[in-house]
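See structure below.
The values are calculated or read from the model by the stated rules, or taken from the named source; none is laboratory data. On a predicted model such as this, the values are computed, not experimentally measured, just so you know. Methodologically, a virtual Cβ is constructed for each residue, glycine included, from the backbone with ideal geometry; neighbour enumeration extends over all protein chains shown.
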Amino acid sequence: MGQNAVLATDACLTHLHRLGEQIRARRKALGVNATNTAESAGISRVTLHRIEKGEPSVAIGAYLNVLSALGLRLPDADKPLVSKNEESIPTRIRLDDFPQLRQLAWQVHGTDSLTPIEARDIYERNWRHLDLAKLDDTERQLINALQTGLGGDFPHV
């Protein structure tokens, strides 16, 4: 007899979707293609695609293998997967959400958001122009997350 499928709650689906987005953003930020990531994690390309979509039917071991292959780790069990207090990197960084970045990116035209690598590069190139006294907690967390996740030659704030 087969087992009944467990239905994921809305909160679970939201967490998995966000985790999948973060995994995909990290892979893209590292410039690693999906085939190489899947091979490094010991899974198929299709399974990686399902993980990046946040599908609940994928085994937790596959998720953990991908996280490991990308140099990530699962957050502590007593913390939510995604939280404003966590150092997480969004797939797109809206300039309107980060006033200091918006000022540093004055030369960027035709878009209201940047990739994590573009944002990191702008912070790094223009660090001397950053007004640390005007940074709010959200932008400080973004800067620290960019440096932790992508590296860079500027200090944590």
Exercise for the section: Go through segment 7-38 residue by residue and tally those that are surrounded by fewer than 14 Cβ atoms within 10 Å (Cβ to Cβ), at pLDDT below 90 and hydroxyl-bearing (Ser, Thr, Tyr). Expected result: 1
Practice task
Kindly establish whether LEU150 is aliphatic (A, V, I, L, M) and buried (at least 17 other Cβ atoms within 10 Å of the Cβ).
Solution key: yes
Fill in the blank from the handout: Restricting attention to segment 39-52, the residues that are modelled with pLDDT under 95 and under 25 Å from THR14 (Cβ atoms) number exactly 1
Exercise for the section: Would you list the helices (runs of 4 or more DSSP H) that sit entirely within segment 1-70 and hold 3 or more residues that are small (Gly, Ala, Ser)? Expected result: 10-30, 34-41, 60-69
